[in-house]
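Structure first, then comments.
The values are calculated or read from the model by the stated rules, or taken from the named source; none is laboratory data. From a predicted model like this one, the values you see are computed outputs, not experimental measurements. Cβ sites come from the backbone with ideal geometry, for glycine too, and all protein chains shown count toward neighbours. The protein model used for the area step is the full one, side chains on, heavy atoms only, and it has no ligands, DNA or RNA in it. Shrake-Rupley method; radii C 1.70, N 1.55, O 1.52, S 1.80 Å.
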Amino acid sequence: MMKKILVGIGVITLVVCAFWAASTWKTLTANARTAKFNAVIETLFTSLQNYKENIGSYPTGGNAQIAKALQGDNPKKIVVWVGRNTELNEKGEYLDPWGTPLRFYFSDGGVLIRSAGPNRRFDDSTVLEADDFIRSN
């Protein structure tokens, strides 16, 4: 009887430890991706500001056109991209750490960059599980 109780306690302990480890791993992974996102965004803001200072305005077009412009496909043929670890997809678009292309919005005074976040879909403010990341300079 005592042996069965000890085995039962051991099994429960293993299950609790497995859930704790999975939860901890998920949190660590989410924190790492969020940190990577923040680093990518800072690099993009710096590059876009350099572009505006050298070319006279922000680049136009969608994500792929913006990526090309920062990498030298612009009127002055100036490379202003300062990043190394930003991923591009097969279309040449900048990706967030979850693999979704970023969205760029420009105004006279600044830039807004949006990521779909971990759920990989762009949500509006009415969605309860909305996890998009939005940053502006």
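Just so you know, in the stretch 77-88 the residues that are farther than 16 Å from Phe104 by Cα and modelled with pLDDT under 95 include one that is surrounded by the most Cβ atoms within 10 Å (Cβ to Cβ), and it is Val80.
List, please: which pairs have Cβ atoms under 7 Å, are six or more places apart or on different chains, and start with a residue in the stretch 19-44 that is among the aromatic types (Phe, Trp, Tyr) and end with one that is modelled with pLDDT of 85 or more and surrounded by 11 or more Cβ atoms within 10 Å (Cβ to Cβ)? Close Cβ pairs satisfying both conditions: Phe37/Asp96; Phe37/Pro97; Phe37/Ser115; Phe37/Phe133.
The number of residues in the stretch 114-133 that are modelled with pLDDT of 90 or more and either open to solvent by 90 Å² or more (accessible area, probe 1.4 Å) or of a type in the set (A, V, I, L, M) (or both) comes to 3.
Within the stretch 39-61, the set of residues being out of contact with any Gly (no Cβ under 7 Å at 6 or more places or on another chain), open to solvent by 30 Å² or more (accessible area, probe 1.4 Å) and of a type outside the set (Asp, Glu) comprises Ala39, Thr46, Gln49, Asn50, Lys52, Asn54, Ile55, Gly56, Ser57, Thr60, Gly61.
Scanning the stretch 31-60 for residues that are of a type outside the set (D, E, K, R), out of contact with any strand residue (DSSP E or B) (no Cβ under 7 Å at 6 or more places or on another chain) and more than 14 Å from Lys76 (Cβ to Cβ) gives Asn31, Ala32, Thr34, Ala35, Asn38, Ala39, Val40, Thr43, Thr46, Ser47, Gln49, Thr60. Scanning the stretch 89-113 for residues that are among the charged types (D, E, K, R) and surrounded by fewer than 17 Cβ atoms within 10 Å (Cβ to Cβ) gives Glu90, Lys91, Asp108.
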